[in-house]
Amino acid sequence: FSFNKDFYFFFGQSYLNYVLAGMNTYDQCLVGIHSNIYDITPFLFRHPGSPDTLMVHAGRDATAFFEDMGHSLGARRLAMSLCVVVDKSAQHQDDCGLFPTNHTKVDDDSRLPSRMPDGADNILLQGRRQSRSNHSGTLHRIHCQFERQKEQVRNRVAKKFANDPTVLGHQVNVYYCPFTKKWRVWYTDTDLRTVYLPA
């Protein structure tokens, strides 16, 4: 398996939904916001909008949903206290890497990079951000290619599962596996099990 430049670009576009796929249970409920990962499991039953509201958007990138809700500064600070992984490239154009925070729980952290201090994910305090515009070069080409593919897969999957009675809430999520270079889907079935399938 070779890791060329395209692999790293595709990984950067897809890692969040790849890592979070299926993490929408009462035991482990993770969500992505502005490329960072938040463990919202302990907050599920305290959320004013109900656990179901959070679980429906968990297991994937929920940046648009989070921002569209117009969360207050207090809600954003609370979310920051639930951050477990910070993507430094989302905050600083000249930086990169995924870093654990002080809220990350692992059995053995001797192999982890140094932890990010509280507030390192302060991107939430800035509110809705404009995406960086780099309209040239390889990264832009990969981004456009990735978004086109994602939309095509979403449309195909939506048609395929439109009348499937086993899909809870008719919500089927797509994600890209950068290692196999294939699109996949996951959904929660009516027995509350997570189902993973090829797209």
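What FRET efficiency comes out for the pair TYR8/GLU151, r = Cβ-Cβ distance, R0 = 22 Å, nearest 0.05? Walk me through the intermediate numbers first.
On the way: r = 22 Å, r/R0 = 1.02.
The pair TYR8/GLU151 has a calculated efficiency of 0.50.
Say a paramagnetic label sat at a point 7 Å from the Cα of TYR196, along Cα to Cβ; which residues of segment 161-183 have their backbone N under 20 Å from it?
The answer is 167-168, 171-183, whose backbone nitrogens lie closer than 20 Å to the label point.
Could you pull the accessible area for ASP68 with a 1.4 Å probe, rounded to 10 Å²?
ASP68 has an accessible surface of roughly 110 Å² with all protein chains in place.
Go through ASP6, ASP27, ASP189, ASP52 and list them by solvent-accessible area, largest first, probe radius 1.4 Å. Intermediate values should be presented prior to the final figure.
Numbers: ASP6 50, ASP27 140, ASP189 15, ASP52 95 Å².
Solvent-accessible surface, decreasing: ASP27, ASP52, ASP6, ASP189.
How would VAL157, VAL19, VAL85 rank on accessible area, largest to smallest, probe 1.4 Å?
The ordering from most to least exposed comes out as VAL19, VAL85, VAL157.
Beyond 24 Å between alpha-carbons counts as too far, so tell me which of LYS5/LYS105; LYS88/LYS182; LYS5/LYS160; LYS159/LYS181 fall in that bin.
Beyond 24 Å: LYS5/LYS105; LYS88/LYS182; LYS5/LYS160.
The values are calculated or read from the model by the stated rules, or taken from the named source; none is laboratory data. Remember, predicted model here, so these are calculated numbers, not experimental data. Please note: Cβ atoms are built from the backbone with ideal geometry, for glycine as well, and neighbour counts cover all protein chains shown. Each accessible area value is taken on the protein alone, full model and side chains, heavy atoms only, with ligands, DNA and RNA left out. Shrake-Rupley method; radii C 1.70, N 1.55, O 1.52, S 1.80 Å.
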